[in-house]
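To start, the structure under review is shown below, and the notes come after it.
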Amino acid sequence: MTETTPYEKTLAALDALHAEDPRRVTVEGEALPLELWHAGRMSAWLERLAPAADELTRLAVRAQHLQRWQVPRSDYPEGRVGYLTWRRDQGQRAGETTARLMVEAGYREEQAEQTARMIRKQGLGRDPGTQAVEDCACLVFLENYLADFSTQVDHDHLIRIVQKTWKKMSPRAHELALDLPMSDAARGLVEEALAG
């Protein structure tokens, strides 16, 4: 299929970059680029969270982890400040790249900048698009990464992470999260975090 609209062109360009991720995840016996798989999970959650989302929100959600493998977390200092700096820089890079791809595909500069703001998580809690990006990221984390993450950090730290994640989510995302299939251990962590 030939991409004809700015949305289709941008989506194809984003997915081409996602597909360059050298890391792999095996899904149903097929090895996929991790970032392409992650972007697909983000988009799938958006369909459940806000099926009427506009194109700009759809692109922001799809691009949230764009080329994240290029600047690993280990390039930044340990601890919260290092993590927050890395995450901010990743959002800035992903936003700039996505905005450039959008303009090249035919979007106006202001549309590209609006999408970049969502990717940078500016306006969280106020802007519906930014909130959708955050909600999808939190749902992907809870669905796919919480169980493995729980083996890497101590219990109390993990409870705080789940509490902070929950605070950033919308009521609709809370509903979806509570319906997630989770291991007994993961569900216990979420319940403990919410009770605390």
Odd one out for Ala31, checked against (1) under 21 Å from Ala116 (Cβ atoms); (2) surrounded by fewer than 12 Cβ atoms within 10 Å (Cβ to Cβ): (1)
Residues within the stretch 139-163 that are among the hydrophobic types (A, V, I, L, M, F, W, C) and either closer than 19 Å to Val25 by Cβ or not in a helix (DSSP H, G or I) (or both), tallied: 8
Residues within the stretch 168-196 that are assigned to a loop (DSSP other than H, G, I, E, B) and among the charged types (D, E, K, R), tallied: 1
Some residue of the stretch 102-116 being among the basic types (Lys, Arg) and either part of a helix (DSSP H, G or I) or modelled with pLDDT under 95 (or both): no
Tabulated pairs, the stretch 13-25, first free of Cβ contacts under 8 Å to residues at least 12 places away in the same chain, second not in a helix (DSSP H, G or I), C-beta under 7 angstrom, 6+ apart or interchain: Arg24/Ala31; Arg24/Leu32; Arg24/Pro33
Test for Val140: is it touching a His at 6+ places or on another chain (Cβ under 8 Å) and within 21 Å of Trp86 (Cβ to Cβ): yes
Residue match in the stretch 149-162 (condition: of a type in the set (Gly, Ala, Ser) and more than 19 Å from Leu14 (Cα to Cα)): yes
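The values are calculated or read from the model by the stated rules, or taken from the named source; none is laboratory data. Just so you know, these numbers come straight off a predicted model, no measurement behind them. Counting neighbours? That spans all protein chains shown, and the Cβs are built from the backbone with ideal geometry, glycine included.
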